[in-house]
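Working notes, beginning with the structure itself.
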Amino acid sequence: MSNFRPRALIASRSPLTLALALALSSPVIAADPAIDPADTSSSNAVADPQQKPKDLDSVEVVADRMEKPSSVKYTEPLLDTPQTITVVTKEVMDQQNLIGLRDVLSTLPGITFGAGEGGGGYGDSINLRGFSASNDISVDGVRDSAQYTRTDNFNLESLELVNGANSAMSGAGSVGGNINLVGKTARSGEFGAFTLGVGTDGLTRLTADSNIELDDGAALRLNAMAHRNDVPDRDVEQYERWGFASSFVMGLGSTTRVTVNLFHQQDDNVPEYGLPYFAAYGGLLPGVDRESYFGYSNMDRQEIEVTSLTGVLERDFSDNVSLRSLARVQRVDQFTLVNPTQGAWCLDSGINPATGAACTTPGSYQPSGPRGTTRDTRSGLAVSQTDVTARFATGGVEHALVAGLSLASETYDLENGNSQRNPDGTAASYPLMDLHDPDHVYTGPMTYIRAGKTRGELSNKALYLFDTLKFGPKWELSLGARYENNEGSTVTTTFASSGANLGQVTARNVFENEDNLFSWRTGVVFKPVENGSVYLSYANSKTPSKASVNGACNAATCEVDPETAANIELGTKWALFEEKLLLSGALFRNDRQNYKVADPANPDNPTGMQQLDGQARVDGLILGAMGKITNAWSVHAQYTHLDSEVLQSVSDRVKETTGIDAQAGNPLPNTPKNSASLWTTWSHAGWTLGYGASWMSDFVASSVANAPVLEGYATHRAMVGYQFNDQLSLQLNIDNLSDKQYFTRIRNNGWATPGAARSATLTAAYRF
């Protein structure tokens, strides 16, 4: 028990000043709104000071068309890879003014977002093709499973979305796919740019990106960012952050290269929760303004601090044999104090929208639930990943073989409690709020009472082998397998939160889990012509009970065998217009073949251990067009159809004895049946015009009967830019052109997060 004081992050109140100082002290300043100072299609690109001015989208989306994914585990171009992989480059992000991870993923169909970890909004909660992908995020091919909000892409070169069960490539989990973030690194050549953006809703953004070529094959790259914005059409929520990244490489142009990358970012945010949402009333409750805030603006906050250090050794033993070894240490601290939008609503008509019954105080909101929820987390990561790539032939068969070893150790520490308690630990009384004009300033007791602590540990040791066999120019066979040992533990401690024993330990539990996992994948590629391919692939995934360091297992789950999922995909890819445009299409099935479900009151299962009897399925279609139709006209478009279904949601015993499975046949939560996105640009004489749209159909918040439905929506955005000369460009972005009122994340307990209203940003870039 103590008077609560949120821990302060270093310089969290002056990010713009600090980042500006970092940028101005750099010998060269760089970054890019609509252009990249370097051609990202080649790691050895050299800037030509005599080249003609580029149109704003003239850096071609090469990675979307023909280049292979960044991971060394992939040896073939995208055209010949038997899997749906979407690459979003920095140029495309900047053209659309996509700044955070959610911004980028929201333009890719088939992805939705949950309303936070356990309803808390504490990090990126991502659903991909009907299944959670929150723990399937990687950075430069190494898993980044800490639960936090990735708010800025200032140090990203591209984002790679790998669809389908993918444990063989990415490790334990990866049921719906994997999201790989590719960071910027130092390279040959000197280039630089500086951007300044201003916009509606208090937006100010400054970025700097500088690559300096040093002597003896060395180079240094420096990136800096400072950002602040309010949320369009919201009174309270705001985001403020700064970040810095450096990359130093030695041995460019030689057979041995060493790269050291440092990344640091700090956030100080008032996070978005939401508004009362009831589908029966058209979504937003009548009388509620979109700008209303039902939390406490003087209490709610989210502070994030991320620091990582990565070293990479690359060695070319010959033209056909190479080694890459990566080591990384990372720490993520996140502090949140939140007041979710939960409680009892009473409409002006005197009706409670949740129950349909009469209520006594028309036009009011009575806060309740997890008000004052406080969580302080720290996640640590140490990982080593070594890959050897060899190309050789056996008889008439060509091989591209990758063998690797991965060792990872993660830790997670959480202290949770409540910051709005009386000194004796009793709960605060929350006064009624006006439904039309809520008072979001908290004036009650402010004592932090600790409720619990959690310690998580996870170690993963993996061996994997991939081989692409080429049987002449028309046939390829891809094989891959991964064997890993996954061992973790969860220790939970609870404390008395009131009464005579306030602060004393009331319970301590230790749960451990260890599994040996084998996952594999195979794919056949047929190339009827050089610029086209047809493929059929199959892959599985294994998800242990302790799949992530922050995921808690308990007495009912820790001893349960790993869950299994499988993906089968039939697709085709065609590179047209001199291989400038990639067209792709695929039919797929994602089967969650068994997942844990409760097994209550079973005399043959006295411990209450959950059973692997749950089954779910998603059948889908994905179509894509990415690249250039002409030299002036580019397109980035996708459509996804997802037909999802819960096949079984209860244990076999419950189904046999009761004949009841209330969720069977229902769609999966957060899985829209149809979604699509488009971004297209046209450039001429220094001008670039861009238009984009995103659309998705309705989806449910959960698979239970009468679950809340989030109404589908479509949004539009536009961009116009002008390149004045080699150095200077200007770009205007307008998001949500029609000022559509829509919601992006939904909770079962009566609230959802609104999408951003119409906003505009003007960005100037100077490169040299």
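Out of all the residues in the range 735-756, which are at pLDDT below 95, among the small types (Gly, Ala, Ser) and not in a strand (DSSP E or B)?
Result: Gly750, Gly755, Ala756.
Results for (1) crowded, with 22+ Cβ neighbours inside 10 Å; (2) without any contact (Cβ under 8 Å) to a residue 60 or more places away in the chain, shown as yes or no for each residue.
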| residue | (1), (2) |
| --- | --- |
| Asp216 | no, yes |
| Gly243 | yes, no |
| Ser246 | no, yes |
| Gly253 | no, no |
| Tyr277 | yes, no |
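It is to be established whether one or more residues within the range 724-734 are touching a strand residue (DSSP E or B) at 6+ places or on another chain (Cβ under 7 Å), of a type in the set (Ser, Thr, Tyr) and at pLDDT 95 or above.
Yes, because at least one residue in the range 724-734 is touching a strand residue (DSSP E or B) at 6+ places or on another chain (Cβ under 7 Å), of a type in the set (Ser, Thr, Tyr) and at pLDDT 95 or above.
Find the residue count for the range 297-310, including only residues that are surrounded by fewer than 15 Cβ atoms within 10 Å (Cβ to Cβ) and either in contact with a Leu (Cβ under 7 Å, 6 or more places away or on another chain) or touching a residue at least 60 places away in the same chain (Cβ under 8 Å) (or both). Before the answer, list the steps.
At the first step, the residues of the range 297-310 found to be surrounded by fewer than 15 Cβ atoms within 10 Å (Cβ to Cβ) are 298, 307, 309.
Applying the additional criterion that residues be either in contact with a Leu (Cβ under 7 Å, 6 or more places away or on another chain) or touching a residue at least 60 places away in the same chain (Cβ under 8 Å) (or both) yields 298, 309.
The qualifying residues number 2.
Test of understanding: among Ser677, Ser697, which residue is of a type outside the set (Val, Ile, Thr), in contact with a Ser or Thr (Cβ under 6 Å, 6 or more places away or on another chain) and touching a residue at least 12 places away in the same chain (Cβ under 8 Å)?
From the options Ser677, Ser697, the qualifying one is Ser677.
Matching residues to (1) part of a strand (DSSP E or B); (2) of a type in the set (Gly, Ala, Ser); (3) on the phi > 0 side of the Ramachandran plot:
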{"position": "Ser322", "(1), (2), (3)": "yes, yes, no"}
{"position": "Leu326", "(1), (2), (3)": "yes, no, no"}
{"position": "Val329", "(1), (2), (3)": "yes, no, no"}
{"position": "Thr336", "(1), (2), (3)": "yes, no, no"}
{"position": "Pro353", "(1), (2), (3)": "no, no, no"}
{"position": "Thr360", "(1), (2), (3)": "no, no, no"}
{"position": "Gln366", "(1), (2), (3)": "yes, no, no"}
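Here are Val236, Val249, Val258: which of them is over 30 Å from Val312 (Cα atoms) and in contact with a strand residue (DSSP E or B) (Cβ under 8 Å, 6 or more places away or on another chain)?
Answer to the selection: Val236.
Return the total of residues in the range 634-653 being surrounded by fewer than 22 Cβ atoms within 10 Å (Cβ to Cβ), closer than 30 Å to Thr89 by Cα and of a type in the set (A, V, I, L, M, F, W, C).
2
With respect to Leu181, determine if the residue is at pLDDT 90 or above and over 27 Å from Asn674 (Cα atoms).
In short, no.
Scan Thr564, Thr630 and give me the residue that is in contact (Cβ under 8 Å) with a residue 24 or more places away in the chain, more than 28 Å from Ser478 (Cα to Cα) and touching a Lys or Arg at 6+ places or on another chain (Cβ under 9 Å). Don't jump to the end; show me each part of the working.
Numbers: Thr564 fails: more than 28 Å from Ser478 (Cα to Cα).
Selected residue: Thr630, the only one of Thr564, Thr630 that is in contact (Cβ under 8 Å) with a residue 24 or more places away in the chain, more than 28 Å from Ser478 (Cα to Cα) and touching a Lys or Arg at 6+ places or on another chain (Cβ under 9 Å).
Pick from Asn590, Asn602, Asn550: which is of a type outside the set (Gly, Ala, Ser), modelled with pLDDT under 90 and in contact with a Gly (Cβ under 7 Å, 6 or more places away or on another chain)?
Asn550
Considering the range 257-314 alone, what residues qualify as being at pLDDT below 95, outside any loop (DSSP other than H, G, I, E, B) and of a type in the set (A, V, I, L, M, F, W, C)?
Val270, Leu275, Phe278, Ala279, Ala280, Leu284
Conditions tested, residue by residue: (1) surrounded by 24 or more Cβ atoms within 10 Å (Cβ to Cβ); (2) not aliphatic (A, V, I, L, M).
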residue	(1), (2)
Asn163	yes, yes
Asn166	yes, yes
Met169	yes, no
Gly173	yes, yes
Asn180	yes, yes
Ser188	no, yes
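Pull out all pairs, ordered by first then second residue, where Cβ-Cβ is under 8 Å, the residues are six or more apart or on different chains, the first lies in the range 87-114 and is free of Cβ contacts under 8 Å to residues at least 12 places away in the same chain and farther than 28 Å from Val618 by Cα, and the second is among the β-branched types (Val, Ile, Thr) and outside any loop (DSSP other than H, G, I, E, B).
none
Out of the range 649-662, which residues are within 17 Å of Ala707 (Cα to Cα) and either part of a strand (DSSP E or B) or over 28 Å from the mean Cα position of the chain (by Cα) (or both)? Step through it out loud before you land on a result.
Initial filter on the range 649-662 (within 17 Å of Ala707 (Cα to Cα)): 649, 661-662.
Correct list: Asp661, Ala662.
Can you find a residue that is surrounded by fewer than 15 Cβ atoms within 10 Å (Cβ to Cβ), touching a residue at least 60 places away in the same chain (Cβ under 8 Å) and more than 30 Å from Thr373 (Cα to Cα) anywhere in the range 488-499?
No, that holds for no residue.
List the strands (runs of 3 or more DSSP E) inside the range 123-235, counting only whole elements, that have at least 1 residues being among the hydroxyl-bearing types (Ser, Thr, Tyr).
Numbers: elements: 126-128, 137-139, 156-163, 177-183, 191-199, 203-213, 219-230.
Strands (runs of 3 or more DSSP E) meeting the threshold: 137-139, 156-163, 191-199, 203-213.
Quick one: in the range 457-487, which of the residues that are under 19 Å from Tyr74 (Cα atoms) and either acidic (Asp, Glu) or in contact with a Cys (Cβ under 8 Å, 6 or more places away or on another chain) (or both) is surrounded by the fewest Cβ atoms within 10 Å (Cβ to Cβ)?
Asp467
Among the residues of the range 505-526, is there at least one that is part of a loop (DSSP other than H, G, I, E, B), of a type outside the set (Phe, Trp, Tyr) and surrounded by fewer than 19 Cβ atoms within 10 Å (Cβ to Cβ)? Let's see the steps before the verdict.
Keep residues of the range 505-526 that are part of a loop (DSSP other than H, G, I, E, B), which gives none.
Within the range 505-526, none of the residues are part of a loop (DSSP other than H, G, I, E, B), of a type outside the set (Phe, Trp, Tyr) and surrounded by fewer than 19 Cβ atoms within 10 Å (Cβ to Cβ).
Quick grid of which residues meet (1) within 21 Å of Ser541 (Cα to Cα); (2) in contact with a strand residue (DSSP E or B) (Cβ under 7 Å, 6 or more places away or on another chain); (3) among the aliphatic types (A, V, I, L, M):
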{"residue": "Asp439", "(1), (2), (3)": "no, yes, no"}
{"residue": "Ile449", "(1), (2), (3)": "no, yes, yes"}
{"residue": "Lys453", "(1), (2), (3)": "no, yes, no"}
{"residue": "Phe471", "(1), (2), (3)": "no, yes, no"}
{"residue": "Asn485", "(1), (2), (3)": "yes, yes, no"}
{"residue": "Ser489", "(1), (2), (3)": "no, yes, no"}
{"residue": "Thr493", "(1), (2), (3)": "no, yes, no"}
{"residue": "Asn516", "(1), (2), (3)": "yes, yes, no"}
{"residue": "Gly523", "(1), (2), (3)": "yes, yes, no"}
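Pick out the one residue from Ala382, Ala408, Ala393 that is surrounded by fewer than 17 Cβ atoms within 10 Å (Cβ to Cβ), of a type in the set (Gly, Ala, Ser) and touching a residue at least 40 places away in the same chain (Cβ under 8 Å). I'd like the intermediate steps shown before the answer.
Values: Ala408 fails: surrounded by fewer than 17 Cβ atoms within 10 Å (Cβ to Cβ); Ala393 fails: touching a residue at least 40 places away in the same chain (Cβ under 8 Å).
Just a single option satisfies the conditions, and that option is Ala382.
Restricting the search to the range 428-454, which residues are of a type outside the set (A, V, I, L, M, F, W, C), in a strand (DSSP E or B) and surrounded by 15 or more Cβ atoms within 10 Å (Cβ to Cβ)? Step through it out loud before you land on a result.
Looking only at the range 428-454, we keep the residues that are of a type outside the set (A, V, I, L, M, F, W, C), and these are 429-431, 434, 436-440, 442-445, 447-448, 450, 452-454.
Pick out the ones that are also in a strand (DSSP E or B) and you get 434, 447-448, 450, 452-454.
Result: Thr447, Tyr448, Arg450, Gly452, Lys453, Thr454.
The values are calculated or read from the model by the stated rules, or taken from the named source; none is laboratory data. Note that this is a predicted model, so its numbers are computed, not measured. Because the Cβ atoms are built from the backbone with ideal geometry, glycine has one as well, and the counts that use them run over all protein chains shown.
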